[in-house]
1. Yes or no: the range 202-218 includes at least one residue that is part of a loop (DSSP other than H, G, I, E, B) and β-branched (Val, Ile, Thr).
2. Take the residues in the range 190-222 that are out of contact with any helix residue (DSSP H, G or I) (no Cβ under 8 Å at 6 or more places or on another chain) and of a type in the set (A, V, I, L, M, F, W, C), then tell me which one is modelled with the lowest pLDDT.
3. Assuming Gly354 fulfils every condition listed in (1) farther than 22 Å from Pro153 by Cα; (2) touching a helix residue (DSSP H, G or I) at 6+ places or on another chain (Cβ under 7 Å) apart from one, which condition is it?
4. Select from the range 40-89 the residues that are β-branched (Val, Ile, Thr) and out of contact with any Phe, Trp or Tyr (no Cβ under 7 Å at 6 or more places or on another chain) and write down the one among them that is modelled with the highest pLDDT.
5. If you take the residues of the range 357-389 that are in a helix (DSSP H, G or I) and among the β-branched types (Val, Ile, Thr), which of them is farthest from Gly171 (Cα to Cα)?
6. Within the range 24-71, which residues are over 24 Å from the mean Cα position of the chain (by Cα), surrounded by 16 or more Cβ atoms within 10 Å (Cβ to Cβ) and either touching a residue at least 60 places away in the same chain (Cβ under 8 Å) or part of a strand (DSSP E or B) (or both)?
7. Of the residues that make up the range 294-302, is at least one touching a Phe, Trp or Tyr at 6+ places or on another chain (Cβ under 6 Å) and not assigned by the TED database to the domain that holds Val19?
8. Please specify each residue of the range 1-23 satisfying the condition of being out of contact with any strand residue (DSSP E or B) (no Cβ under 6 Å at 6 or more places or on another chain) and part of a helix (DSSP H, G or I).
Amino acid sequence: MATQYPKKKCGVLGATGSVGQRFILLLADHPFLELQAVGASERSAGKRYKDAVRWKQMTPMSERLSQLVLRDCKAEQFQDCDIVFSGLNSDVAGDVGMETNPIAFDHCSRKQWLIQVHFLEMEFIKAEIPVFSNAKNYRKHPLVPLVVPTVNPSHLDLIPHQRKEFGLKKGFLVCNSNCAVIGIVIPFAALQAKFGPVEEVEVFTEQAISGAGYPGVPSMDIVDNVIPYISGEEDKLENEAQKILGSLNAGASAFDEQKGLTIGATCTRVGVTDGHMAFVSLRFKNRSAVPSAEEVAQAMREYQSEAQKLGAPSAPKEAIFVFDEPDRPQPRLDRNINNGYTVSVGRVREGQKGGYFDIRFAALSHNTVLGAAGSSILNAEVAVIKGYV
């Protein structure tokens, strides 16, 4: 018999955008997260959802959803929600200075923090509404968990300390990582659990156009073309994994990032609707016992995350699906495995004899499910199971 969890009423900020639409689809039939409210820009507030959104999903919106009235993204408009999911653009989600200079905020007082951080997500947290954010602004803040739900849900255990530091009772902020980072750290977690630390990585990505939001990349730029640069993306791949793959200290008050992990990234945009591909070459720290390609593939197949063990309803049966076929995974064929919550891996092979890297593989992740809205929802499920909501 399925485990019963308390019902929680949820709101979605940025509900008309690409990630916001995915949030709404994934919440439509959720067993205990009930969609209560949708929010958008001030110019859309007061309109019915169907009149304000340019719906770009393959599944039609329900009649109930179409009639929901959009609210302004203000905390006082969402007091009937237990949880808020943020699909907001980073320009309005928070203070970019907090991301680029987190240490300054780490050492400021609660009063200074509340004065300086006045953007939307912080407004909700101060109103004691927990926020699960897809925006980039607070991912590197030392008091904000950066959680990939099939890798490090234990980092949610910093929430009590975050509340204490910010003088909160119920509110908190949890971020999920960049959409391309999620697709590589899950295989890394599986390999490190079995073979010890990964030391160096080179990754080349081919990223879907939905990652640029809507209307996104102009058709004249992307049709019959590959764009070999995505602004800000390579920095995220190179710098977020260390926090995700790190550990929570003994007092559950700080994160110890994984030192010694170096990642070099090249990110491109390709004409695929959904699904980010990553081509990874990696080197293990332990040079005395480098695993074979077969051992690596088996370790990925056997990997079980804490979210799966806790019984979170959206946790996939397989965190990683490994293909033996030489021409898989492919975005159109494989992005929706386990409803888009699974990373697909293929072409697992050893590096060149005498070469620098030990293992190479291709990974595919659904960038708006696992890479965005789905991870926030799975993070919220774990937080409810752990009793933080």
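The values are calculated or read from the model by the stated rules, or taken from the named source; none is laboratory data. Everything numeric here is computed off the predicted structure, so don't read it as measured data. Positions of Cβ are backbone-derived with ideal geometry, glycine not excepted, and every protein chain shown enters the neighbour counts.
1. Yes, the range 202-218 has at least one match.
2. In the first step, residues of the range 190-222 are kept if they are out of contact with any helix residue (DSSP H, G or I) (no Cβ under 8 Å at 6 or more places or on another chain); the result is 192, 196-197, 199-200, 202, 204, 206, 212, 215, 218-221.
With of a type in the set (A, V, I, L, M, F, W, C) added as a condition, the list becomes 204, 212, 220.
On the way: Phe204: 98, Ala212: 92, Met220: 96.
Applying the filter and picking the extreme gives Ala212.
3. (2)
4. Step by step, filter the range 40-89, then rank; the result is Val69.
5. Result: Val369.
6. Arg71 - this is the single residue of the range 24-71 that is over 24 Å from the mean Cα position of the chain (by Cα), surrounded by 16 or more Cβ atoms within 10 Å (Cβ to Cβ) and either touching a residue at least 60 places away in the same chain (Cβ under 8 Å) or part of a strand (DSSP E or B) (or both).
7. No, the range 294-302 contains no residue that is touching a Phe, Trp or Tyr at 6+ places or on another chain (Cβ under 6 Å) and not assigned by the TED database to the domain that holds Val19.
8. Within the range 1-23, Ser18, Val19, Gln21, Arg22 qualify.
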